[in-house]
Amino acid sequence: MKVALIGVGQAGGKVTERLARFDADMGFEAVQGALAVNSAKPDLQSLEFVDTQLIGADRVNGHGVGGDNELGTEIMQSDIQQVLSGLDGRVTSRADAIFVVAGLGGGTGSGGAPVLVHNLQQIYDIPVYALGILPGQNEGSLYQANAGRSLKTIAREADATLLIDNDSWHEQGESVEGAFDRINDKIAQRVGLLFASGEAVDGVGESVVDSSEVINTLRAGGIATLGYASEVASEDSADNIRTVMTVARQALLTGTSLPNATTADSALLVIAGKPEAIPRKGVEKARRWLEDETGSMQVRGGDFPLESDRLGALVLLGGAERSARLEQFMARAREAKEAEERERTDPAEELTDDRVENLF
C-alpha cells in the first residue's frame with residue numbers, strides 16, 4: 001500500500017518519522033513521502049528522517065500553542081495553503097492513500113489535523129485517513145478535553161480514523177519518556193506492516209493481501225483499530241495451524257490498539273511470515289473465527305511473505321463499534337471539559353451580593 005504521511009504536532013511528527021524510518025529499514029517502499037508540520041520549532045528540529053514545515057510563526061513565533069487546540073485550529077486554517085504547497089511531490093500518482101498522523105491530546109495536532117484532513121479531501125481523489133493517538137488517563141484533563149473535541153471532528157472529516165490508545169501499550173513502571181518511545185516503536189511496526197501488505201517483497205504467498213483489501217476494510221468509515229501478535233514458527237507449516245489461531249486471537253483480544261473493540265463492520269486478517277511456514281488451513285480457520293468474533297461477514301484474509309522465524313498476525317477492524325474503553329475515554333473528555341469550564345469562572349463572582357455595597 002503506497003501512502004503519503006503528514007504528521008501534525010509533536011506526537012504526529014515523531015510517529016511519522018518512526019513510520020518512515022521503519023519502512024526504509026525494512027525496504028518496503030510503502031511510504032512515498034513524509035512531512036511533519038508543527039507550530040513549535042524545537043519539536044521540528046529534533047526530527048531527522050522527514051521533511052518539516054513550521055506553521056503559525058506570525059502568531060506564536062515558533063513556540064507552539066501551549067495545548068490550546070482552538071489556536072491550533074486557527075493557525076492551520078491560516079497557513080493551510082502553505083502546508084498544501086509543501087505536499088508537492090510527496091503525494092504522487094502512485095499513492096493509494098494519505099494518512100494524517102496526530103496526537104489528539106495536544107494543541108497543534110488535535111486542532112490542526114481535522115482542518116488538514118478537511119482540506120485534503122477537497123483536493124485528492126484518494127482516501128484520506130487519520131491516525132489518531134489518544135492520551136493516557138494520567139496525561140491530564142486538558143489533554144482529555146482536547147482529544148474529545150478533536151476525535152469528534154476528525155472522525156467526521158476522515159474516510160476512517162485509526163485509533164491508538166496510549167494506555168493499551170503502556171507498561172507499568174515505565175518512565176513517561178520511555179513509554180512514549182516504546183509506544184511509538186510499536187505503532188511504527190504495526191502500522192508499517194499494514195502499509196507494506198501487498199508490496200513486492202521476497203517470497204510469493206498463496207493469497208497475498210493488496211492495498212485494495214486494506215481500503216475496502218476501511219471503507220466502512222468511523223473508527224478503525226489495529227491488533228498484532230507474533231510467535232516463533234515451526235519449520236513444518238502443518239505444525240503452525242495452532243500457532244496461526246493463537247496469534248490471531250491474541251491480536252484481536254489482547255494486542256489491539258483500542259482495547260475491547262472486537263465488534264466491527266469489516267475486518268482484515270494478515271498472517272506474516274515465511275511462505276512455506278504459513279498454513280493455508282490455519283489462515284482460513286482463523287478468518288472464520290474472526291467472522292464469528294466480530295459479527296462481520298466482510299472478513300478478508302491473506303498472507304504477507306516476510307523473512308522471519310516468527311509468524312505474526314495483523315487484525316484490522318473497520319467501522320469498529322465504540323468499545324467500553326472508548327466510552328470511558330469520551331466520558332473523561334466530557335468531565336474534563338466541564339472541569340475546564342468551571343476553572344474559567346471568575347472566583348470574584350462567587351462573592352457577588354447585591355445587599356453589600358462596593359467600596360468604589
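In segment 116-139, what residues are in contact (Cβ under 8 Å) with a residue 24 or more places away in the chain and open to solvent by 10 Å² or more (accessible area, probe 1.4 Å)? Scanning segment 116-139 gives His118, Asn119, Gln121, Ile123, Tyr124, Ile126, Pro127, Ile133, Gln137, Glu139. Within segment 198-212, is there a residue that is touching a residue at least 40 places away in the same chain (Cβ under 8 Å), of a type in the set (S, T, N, Q) and either in contact with a strand residue (DSSP E or B) (Cβ under 7 Å, 6 or more places away or on another chain) or part of a strand (DSSP E or B) (or both)? Yes: segment 198-212 contains one or more residues that are touching a residue at least 40 places away in the same chain (Cβ under 8 Å), of a type in the set (S, T, N, Q) and either in contact with a strand residue (DSSP E or B) (Cβ under 7 Å, 6 or more places away or on another chain) or part of a strand (DSSP E or B) (or both). Exactly one residue out of Ala248, Ala196 is modelled with pLDDT of 95 or more, touching a Phe, Trp or Tyr at 6+ places or on another chain (Cβ under 8 Å), open to solvent by less than 10 Å² (accessible area, probe 1.4 Å) and aliphatic (A, V, I, L, M): that is Ala248.
Within segment 93-115, count every residue that is open to solvent by 30 Å² or more (accessible area, probe 1.4 Å) and of a type outside the set (Gly, Ala, Ser).
Of segment 93-115, the ones open to solvent by 30 Å² or more (accessible area, probe 1.4 Å) are 93-94, 96.
Cutting the leftovers down to of a type outside the set (Gly, Ala, Ser) gives us 94, 96.
Final tally of qualifying residues: 2.
The criterion of at least 1 residues that are among the hydroxyl-bearing types (Ser, Thr, Tyr) and in contact (Cβ under 8 Å) with a residue 24 or more places away in the chain is met by the following helices (runs of 4 or more DSSP H) wholly inside segment 24-86: 69-78. For the structure I just gave you, tell me whether Leu253 is at pLDDT below 95 and surrounded by 17 or more Cβ atoms within 10 Å (Cβ to Cβ). No, not satisfied. Picking from residues in segment 265-287 that are closer than 18 Å to Gly319 by Cα and open to solvent by 10 Å² or more (accessible area, probe 1.4 Å), the one that is modelled with the highest pLDDT is Arg287.
The values are calculated or read from the model by the stated rules, or taken from the named source; none is laboratory data. The structure presented is a predicted model; accordingly, all values stated were derived computationally and were not measured. Virtual Cβ from ideal backbone geometry, glycine too; neighbours counted across all protein chains shown. The accessibility values were calculated without ligands, DNA or RNA, using every heavy atom of the protein model including side chains. Shrake-Rupley method; radii C 1.70, N 1.55, O 1.52, S 1.80 Å.
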